[in-house]
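These notes concern the structure reproduced below.
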Amino acid sequence: MSAPSDPTRCPLCGQSNQCTQADPTSAGQDCWCFAVPIDPAALARTPPQEIDRSCLCPRCAQALPPNAPS
Ligand SMILES: [Zn+2]
């Protein structure tokens, strides 16, 4: 067994996932991840054991290009 995963960190890049669900100070609020579509390719890269456990970070979840049009 490796170290337990940190639910506040993105399992893909290790950066903070900014998930409000994992933050006691904002628990109960809807996370950003409820409002954005998650890129299927990002999900495919996520270890199965991390899905439903650790959120992706906004960047990985949306596979954002460096200069995404908005
Ligand atoms: Zn990430």
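Only the coordinates and a few stated rules stand behind these numbers; no lab work does. Given the structure is predicted, the values throughout are model-derived calculations rather than measurements. Using ideal geometry, Cβ is built from the backbone for each residue, glycine included, and neighbour counts are taken over all protein chains shown.
Only Lys, Arg, Asp and Glu carry charge here, each on its Cβ (+1 for the first two, -1 for the last two); on that basis the chain has a dipole of about 160 debye about its Cα centre.
In the chain, taking the dipole from charged Cβ atoms about the Cα centre, the farthest positive-side position among Ser26, Cys13, Pro58 is held by Cys13.
This model, with +1 at the C-beta of Lys and Arg and -1 at the C-beta of Asp and Glu, gives segment 20-60 a dipole about its Cα centre of some 120 debye.
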